[in-house]
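Okay, so here's the structure we're looking at.
The values are calculated or read from the model by the stated rules, or taken from the named source; none is laboratory data. This is a predicted model, so every value here is computed, not measured. Cβ placement follows ideal geometry from the backbone for every residue including glycine, while neighbour counts extend to all protein chains displayed. What goes into the accessible areas is simple: the full protein's heavy atoms, side chains included, and nothing from ligands, DNA or RNA. Shrake-Rupley method; radii C 1.70, N 1.55, O 1.52, S 1.80 Å.
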Amino acid sequence: MNWPSVLDRRPFRENSFPSKLHDEQVAAILGCALGITFTVCFATGLYSHLAQNPPSWFELPSRPAGLYRVTQGLHVATGIASIPLLAAKLWTVYPKLFSWPPFESAAHLIARISLLPLIGGGLFMLFTGLANINLWYPWQFNFPVTHYWAAWLTMGALVVHIGAKFTTTRRVLSRKVSASAVPSAVDAVDAVDRRRFLATVFGTSALLTLFTVGQTFAPLRKLALLAPRRPDVGPQGFPVNRTARTAGVVETSQASDYRLTVTGRVRNELSLGLDELRALRQHSAVLPIACVEGWSTTQRWTGVRVRDLLAMAGASPDAEVRVESLQQHRSYRTSDLNPWQAHDPDTLLALLVNGEPLALDHGYPLRLIGPNRPGVMQTKWVTRLVVQ
Ligand code: HEM
C-alpha cells in the first residue's frame, strides 16, 4: 500500500477509497440484514418500554414467565450482531455518501436527507446500547429515554430509506452473485471477493453472537467470553446491579424493627415483622431475573405470595399494587403490579433464594420476584405494598 498517497488522500470524496466492495448488491444484502436486525431491536425494545411504562391500554402479562428474558436477550444479541453489519454497510456505500451532485430530484433529496438520522441514529443506538450494557455512561442524558426516542427517529428514517431504495434493491437482489454467470475472469474474481467479504461480515456477526448470547441462553454460557456480565457470578451465584450500599439501605434493611406494611385500598392494614412473615404460608417458585441489559439467570425463590397478603388485607381481586422499597432516592425504588401479576401464584415477596436467606445486595430481608418482569421491576428491600 502506497501510504503517502493514502495519507494525503482527501477522505470525504466519492473516489477516496476505491474498492470492488463498493457494490450495490453487497449493499442491498447488508441493508436487508440490517433492516431485519433493527426491526427486531425496535420491536423488542418497544416491549421493554411498554413493560416499564405501561399505557392505560397495555397490561404486562405475567405469563409466559420467561417472556421478558427472551425479548430483552434477543434485543441485546440482535443489537450486538448489527455492529459488524452496519460497519460493513457504511464501507460498502461510502462513495455514495459523497457523490456529486448531492441530489438529482426532490425525492432524491429527501432520500439523501434521511441518511443523516439513519446513519447518525444507527450509530447512536449501537454505541449507547453497547456502552450501557458495559456499565459505561459517557453522557449526561437519561439512557432509556434517549435511546427510546432515537429509536423512533432511526426507524422513521429506515422506512424512508427502504422506500427510496426498494426498486434498486429488488433489481440487484434478483441479479445472480455466482462466478459462473459473469462474462470475464476479472468479474469472476470480484464476485468471489464480494462473497468472501459477505461471509466474513456475517461470520463476524455470528461469532459475536456466539460469544455473548450465553449471558441469556444458559446452554451457551461457557462460550459467553465477550458477554459484559456473567450471569453466574456474584453474591449467592448471580449478579447484582444495585448494591445495598448504593441504595443507601445497609442499616434500614438490617434494623431489628423492620416491618412490611400493606396499606391503601384495604379493609385491614397489615404490619408484619420478619418472624411473622416467616410464619406465613411459604411458596417456592423457579423464576428468572432478566436484566434490561440482556443477561438473565434462573433461581429458586421462597417467600409469601403477594395474593395471600392481599387476601389477608381484604384488598379487592382487581387491585393494582405499588411495591415500595426502603431505598429513599434514585430510580427504580418502586414498581407496580397490575392485577394479573399481583394475583399470579408465583408473584412472591421472597425471603430466601435457593434455600438461603437473601444476601443484603439481593434485597434482604424481602424482595419482589414475579414472572415476566424486567429486572429493574423486581424491587429489592421491600417495606410497603400500597393497594390502589
Ligand atoms: C448494541 C445494540 C443495542 C443494545 C446493547 C441495546 C440495549 C438496550 C438496553 C440495555 C435497553 C433497556 C433500557 C432500560 O430499560 O434501561 C434498551 C431499550 C431499548 N432499545 Fe436498545 N439496544 C441496542 C440497539 C437498539 C436498536 C438498534 C434499537 C432500535 C432501532 C433499539 C431500541 C430500543 C428501545 C425502543 C428501547 C426501550 C427504551 C425504553 O425502555 O424506553 N435498541 N436497549
query = Considering only the other residues whose Cβ falls under 14 Å of the Cβ of VAL70, what net charge follows from Lys and Arg at +1 and Asp and Glu at -1?
reply = +3
ask   = What list of ³J(HN,Hα) values in whole Hz, one per residue of the stretch 337-345 in order, does the Karplus curve 6.51 cos²θ - 1.76 cosθ + 1.60 (θ = phi - 60°) give from phi, with Gly and Pro shown as x?
value = 10, 7, x, 4, 5, 4, 9, 5, x
ask   = Looking at the square roots a ≥ b ≥ c of the eigenvalues of the Cα gyration tensor of the stretch 235-387, which shape do they give, rounded for a/c under 1.5, prolate if a/b is larger than b/c, or oblate?
value = rounded
query = So what's the gap between the Cα centers of the stretch 274-353 and the stretch 44-84, to the nearest angstrom?
reply = 20
request  = Assuming R0 = 51 Å, can you tell me the calculated FRET efficiency for the pair ASP187 and SER256, based on Cβ-Cβ distance, to the nearest 0.05?
outcome  = 0.05
task = Using 0.36 nm per residue of separation minus the Cα-Cα distance, give me the extension gain between LEU207 and LEU123 in nm, one decimal.
result = 28.2 nm
ask   = By average Cβ neighbour count within 10 Å, what is the ranking of 288-296, 16-24 from highest down?
value = 288-296, 16-24
message = Per residue, how large is the accessible surface of the stretch 3-223? Use a 1.4 angstrom probe and give square angstrom.
response = 56
request  = Filter the DSSP H helices in the chain by two things, a Kyte-Doolittle mean of at least -1.0 and an axial alpha-carbon span of 24 angstrom or more, and list the hits by number.
outcome  = 24-52, 67-97, 106-133, 143-173, 185-210
message = Just to confirm, what accessible area per residue do you get for the stretch 235-387 at 1.4 Å probe, in whole Å²?
response = 40
inquiry  = If you roll a 1.4 angstrom probe over the protein chains with everything in place, what fraction of the accessible area of the chain belongs to carbon and sulfur, to the nearest %?
reply    = 64
Packing-based ranking, highest mean first, of 99-107, 57-65 given that Cβ atoms within 10 Å are counted = 57-65, 99-107
message = Suppose R0 equals 30 Å. What FRET efficiency, 1/(1 + (r/R0)^6) with r the Cβ-Cβ distance, do ARG281 and LEU220 give to the nearest 0.05?
response = 0.20
ask   = Where Lys and Arg each count +1 and Asp and Glu each count -1, what net charge lies around GLN388 among other residues with Cβ under 11 Å from its Cβ?
value = -1
query = Label point 7 Å out from ASP318 along Cα-to-Cβ: which residues of the stretch 337-355 have amide N under 13 Å?
reply = 339-340
Extension gain from TRP139 to PHE58, taking 0.36 nm per residue of separation minus the Cα-Cα distance = 26.0 nm
key: Mean residue ellipticity (222 nm) of the chain, computed from DSSP H runs ≥ 4 via -39,500 (n - 2.57), nearest 500   = -15000 deg cm²/dmol
key: Distance (nanometres) between label positions extended 7 Å along Cα→Cβ at ILE162 and ASN268   = 5.8
key: Length gained when the stretch ARG300-LYS20 is fully extended (0.36 nm per residue, less Cα-Cα span)   = 95.2 nm
